[in-house]
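One structure below.
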Amino acid sequence: MTSLRSFRITGKTKLLGVIGHPIEHSLSPVMHNAALAALNLDYAYLPFAIAPANLPRALDGFEAIGLQGFSVTIPHKQAIIPLLSEVSDTARAIGAVNTVYRTSAGWGGTNTDIDGFLAPLQGYDWQESIALVLGNGGAARAVVAGCEQLGFRQIHVVGRDRQKLEVFRQSWHHPVFDRLFVAEWQELANLLPQTNLLINTTPIGMAPHPDASPLDPFLLEKLSSGAIAYDLIYTPRPTRFLQQAKALGYGAIDGLEMLVQQGAVALQLWLQQPVPADIMRSALLDFLQCRNS
Ligand code: NAP
């Protein structure tokens, strides 16, 4: 019955979707449609390839066809902000929107990547801990905001371009700014021994380059004992970085749960009801297993 529902489009079917460019790689339709089917709701979640120049027209078109809400991925996460009527404080602080919903005044935007990132880290006391973030792109912004929420004493962001790092640091305000430090890759050896949570937000190690790792094992073993390595990448699972961390006795968290939980929070916002995150996770795992076999 569940699988039948996902193929039944009726005259009353409501639409959700995801915009990006390209969009073919997106796994969001897999997990959202699985949840909608399990909830037996007359909804469909579709991918929309929107070139950057077409973004304003796309929003008007979505309004015209009554789209209920949509996810936003690269390259629109920042560009969409000025086109929205309402932007949540979280999305403003991060400087990126990944979820758009309807309001009486037009489209509203928020960012659920932070909820996704935080999900596997809940239940620990991070108050005296130090986080080290590899990369200073879009995902790093949600990670920094999440680490601030968890109460990390210091948050270090490591990048390869000193100018970009300074722009990144200056873009934050109190209270994030007070705990945020930036450094270049060659400073890693000094930072790792104090680091309790090491997060990879670069694409290094992502398919189709699964043999790459952001750190070589000789550097990684400088990480403080008991530390956790967290890789935002979810294909392959585990990445080379996490394999190395596990072999050295560190904890390891991959990016799948972040993907699932950011999607679940978005779907809950659109539907205004609880959603089955376990179904979304299983749908993704099934899909990835079939794709890789
Ligand atoms: P992004 O905005 O392009 O940022 C990528 C960052 O990685 C930039 O700071 C970039 O440095 C750095 N970088 C790229 N290649 C590098 C290299 N060879 N050496 C050193 N640094 C390098 O991308 P993003 O949106 O933040 O996404 C980053 C990763 O996170 C992707 O793998 C994405 O799939 C993953 N992600 C996962 C989730 C999830 O739900 N699990 C959510 C969001 C993102 P420069 O600025 O110097 O170019």
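Residue selection: Phe7 satisfies the criterion of being modelled with pLDDT under 95 and either over 21 Å from the mean Cα position of the chain (by Cα) or in a strand (DSSP E or B) (or both).
Right, Ala247: surrounded by 17 or more Cβ atoms within 10 Å (Cβ to Cβ), at pLDDT 95 or above and not polar (S, T, N, Q) or not? In short, no. For the range 135-144, a residue qualifies if it is modelled with pLDDT of 95 or more and either among the small types (Gly, Ala, Ser) or near the ligand (Cβ under 7 Å from one of its atoms) (or both), and the qualifying residues are Gly135, Asn136, Ala140, Ala142.
Taken over the range 121-133, the residue count meeting the criterion of being open to solvent by less than 30 Å² (accessible area, probe 1.4 Å), more than 10 Å from the ligand (Cβ to nearest atom) and of a type outside the set (S, T, N, Q) is 5. The single condition among (1) open to solvent by 10 Å² or more (accessible area, probe 1.4 Å); (2) assigned to a loop (DSSP other than H, G, I, E, B) that His76 does not meet is (1). Taking the criterion of being within 16 Å of the ligand (Cβ to nearest atom), surrounded by fewer than 22 Cβ atoms within 10 Å (Cβ to Cβ) and acidic (Asp, Glu), the residues of the range 194-240 that qualify are Asp211, Asp216. Selection over the range 15-49 of residues that are part of a strand (DSSP E or B), open to solvent by 30 Å² or more (accessible area, probe 1.4 Å) and more than 15 Å from Val275 (Cβ to Cβ) gives a count of 5. Residues in the range 95-142 that are among the basic types (Lys, Arg) and under 15 Å from Arg169 (Cα atoms): Arg141 only.
A residue that is assigned to a helix (DSSP H, G or I), closer than 30 Å to Phe218 by Cβ, open to solvent by 30 Å² or more (accessible area, probe 1.4 Å) and in contact (Cβ under 8 Å) with a residue 40 or more places away in the chain cannot be found anywhere in the range 272-289. When Gly226 is tested against the conditions (1) on the phi < 0 side of the Ramachandran plot; (2) not in a strand (DSSP E or B), the lone failure is (1).
If a residue must be closer than 18 Å to Gln261 by Cβ and among the acidic types (Asp, Glu), how many such residues does the range 109-134 contain? Give the steps one after another, and end with the answer.
If we filter the range 109-134 for residues that are closer than 18 Å to Gln261 by Cβ, which is where we start, we get 110-124, 126.
In the following step, the residues that additionally are among the acidic types (Asp, Glu) were identified as 113, 115.
Here the count works out to 2.
Scanning the range 148-172 for residues that are out of contact with any Leu (no Cβ under 7 Å at 6 or more places or on another chain), in contact (Cβ under 8 Å) with a residue 12 or more places away in the chain and more than 14 Å from the ligand (Cβ to nearest atom) returns Glu148, Gly151, Phe152, Arg153, Gln154.
For Met258, are the conditions met, namely being in a loop (DSSP other than H, G, I, E, B) and either loosely packed, with under 15 Cβ neighbours inside 10 Å or within 14 Å of the ligand (Cβ to nearest atom) (or both)? No. Going through (1) more than 12 Å from the ligand (Cβ to nearest atom); (2) acidic (Asp, Glu); (3) open to solvent by 60 Å² or more (accessible area, probe 1.4 Å) one by one, Asp115 falls short only on (1). Looking at Val133, is it over 21 Å from Leu242 (Cα atoms), under 20 Å from the mean Cα position of the chain (by Cα) and touching a residue at least 12 places away in the same chain (Cβ under 8 Å)? Answer is no for this residue.
The values are calculated or read from the model by the stated rules, or taken from the named source; none is laboratory data. Only a predicted model underlies this, so the values are computations on that prediction, with no experimental measurement involved. Positions of Cβ are backbone-derived with ideal geometry, glycine not excepted, and every protein chain shown enters the neighbour counts. Side chains are part of the model used for accessible areas, which takes the heavy atoms of the whole protein and leaves out ligands, DNA and RNA. Shrake-Rupley method; radii C 1.70, N 1.55, O 1.52, S 1.80 Å.
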